[in-house]
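Below is one structure; the comments refer to it alone.
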Amino acid sequence: MTAITHHLSDALLDGYVTGCLAQPFAVVAAAHLSLCDACRARAETADMLGGAMLDRIAPADVSQGGRDRMMAALDLAPPPPQPIAASGIFPAPVMQALGGRPPKWRMLGGGIRQVILSADVDGSLRLLYIPPGRAVPEHSHGGLELTLVLQGSFADSEGRFGPGDLEIADDDVDHQPTAGVEGPCICLAATDAPLRFRAMIPRLLQPLFRI
Amino acid sequence: MPAETASHTDPTLWLLAVRDHRDRAAFLMLFEHFAPRLKAMLMRGGLRDGSAEDVVQDVMLVVWHKAAQFDPHRADASAWIYRIARNRRIDLARRKPLPEPDALAEPEGSEPDAAHVLALGQEAALLRRALDAISPDQARVLEQAYFEDLPHSRISEMSGLPLGTIKSRIRLGLDRLRRHLNDLRQP
Ligand SMILES: [Zn+2]
């Protein structure tokens, strides 16, 4: 397995840890952090500084009853349920977006399949399955698109992306990702605007396909 | 530092006692240490007195229940508890909870690497010393970044500065910190 070479930008990492990213992007960021030790270390280093800041803050008075209430709560409150865990190639945040079930792929044409995980005012999040050597139709998008490779690889004008690699595409990138020949490429893609494909599916039909 | 002294002063050791022995006395020490600081942090983040205390209780309850996930190789108690509080505060402000990365686990049966944990503690101490040395201006920028910046925050309204300027000031503050740390590390 090759090392991850395409990472979260500072702005995206900062947006994630401060909770400012829209949900589809936050899921992609959390999935990348699950796979990438380098970015995980960056995030946790930032937490070390947060902890140091917490130790320095001027303490506030806590009410008298707070301490008793706290100790009583240890026995009263049941432990929270275990969150849905990673499974196979899907990190925990992706399994959670899948509701804990394996993906139900829908055919898109050309052997390409997808699962829409969410599509609302926050943007859209989906899984894409691209057969070996196949190209996704050239498309542009109105905003930011994040694509995280979970299996296989793809290449486009921006380079080659393998497992764990994250492509950050702004609206000025017109890209046509092609899956590597070594096997099917499965990736997690988030956008804050609907994709506009140049070919294959007429724009009029896009609402039907929700892509 | 003798181990006995450390065990009475180091929140990380209290947290390990909670993790490994469900030690209530140690948990109480954690509460005494962190509750007033968490409350102050949450109030800086815009919560009122009463709700800040409620959230402190929530956060410390997560500490109690999730202590098994604490890994002293990757964080000290302050950093770990800071992140729990931060995420709790973020979830209160978001429509959907913030998705979190996979919990990392040490391989089954692996021994804790005491030297690594000690080194991390020393790094943290250096960081704290570096924090003592920054200007009040830089400290304010960091406090804002770590206690106040929230989803849909009014940071640019409050300061009258565009977000980009704030961000670059944060970066400058962090960069200064790092360089100061490096200076401290020179033999
Ligand atoms: Zn990374």
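The values are calculated or read from the model by the stated rules, or taken from the named source; none is laboratory data. Everything quoted here is computed from the prediction, not taken from an experiment. Don't worry about glycine lacking a Cβ; one is built from the backbone with ideal geometry, like all the others, and counts go over all protein chains shown.
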Out of the stretch B:33-60, which residues are more than 7 Å from chain A (Cβ to nearest Cβ), buried (at least 21 other Cβ atoms within 10 Å of the Cβ) and among the small types (Gly, Ala, Ser)?
-> B:45, B:52
Given the conditions (1) modelled with pLDDT of 95 or more; (2) within 20 Å of residue B:42 (Cα to Cα), which single one is not true for residue A:62?
-> (1)
Return yes or no: is residue A:45 of a type in the set (Ser, Thr, Tyr), under 29 Å from residue B:37 (Cβ atoms) and in contact with a Pro (Cβ under 8 Å, 6 or more places away or on another chain)?
-> no
Yes/no for residue A:72 being at the interface with chain B (Cβ under 7 Å from one of its Cβ atoms) and either hydrophobic (A, V, I, L, M, F, W, C) or surrounded by 14 or more Cβ atoms within 10 Å (Cβ to Cβ) (or both) | no
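So that you can scan it fast, the table gives a plain yes or no per residue for (1) under 13 Å from the mean Cα position of the chain (by Cα); (2) among the polar types (S, T, N, Q):
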{"site": "A:10", "(1), (2)": "no, no"}
{"site": "A:18", "(1), (2)": "no, yes"}
{"site": "A:22", "(1), (2)": "yes, no"}
{"site": "A:31", "(1), (2)": "yes, no"}
{"site": "A:36", "(1), (2)": "yes, no"}
{"site": "A:40", "(1), (2)": "no, no"}
{"site": "A:45", "(1), (2)": "no, yes"}
{"site": "A:51", "(1), (2)": "no, no"}
{"site": "A:54", "(1), (2)": "no, no"}
Look at residue A:161 and say whether it is buried (at least 21 other Cβ atoms within 10 Å of the Cβ) and in contact with an Asp or Glu (Cβ under 9 Å, 6 or more places away or on another chain).
-> yes
Taking the stretch B:61-75 only, how many residues are facing chain A (nearest Cβ under 7 Å) and either within 12 Å of residue A:66 (Cα to Cα) or in a helix (DSSP H, G or I) (or both)?
-> 3
Among A:83, A:93, A:79, the single one that is buried (at least 22 other Cβ atoms within 10 Å of the Cβ) and away from the ligand (no atom under 14 Å from the Cβ) is A:93
Pairs, please: C-beta under 7 Å, at least 6 apart or cross-chain, first residue under 15 Å from residue A:49 (Cβ atoms) and without any contact (Cβ under 8 Å) to a residue 60 or more places away in the chain and in the stretch B:135-148, second surrounded by fewer than 19 Cβ atoms within 10 Å (Cβ to Cβ) and not aliphatic (A, V, I, L, M)?
-> B:138/B:176
From the list A:113, A:101, A:56, A:134, which residue is in contact with a helix residue (DSSP H, G or I) (Cβ under 9 Å, 6 or more places away or on another chain) and surrounded by 14 or more Cβ atoms within 10 Å (Cβ to Cβ)?
-> A:56
Residue by residue through the stretch A:19-46, note down the ones that are at the interface with another protein chain (Cβ under 7 Å from one of its Cβ atoms), within 26 Å of residue B:46 (Cβ to Cβ) and modelled with pLDDT under 85.
-> A:20, A:44
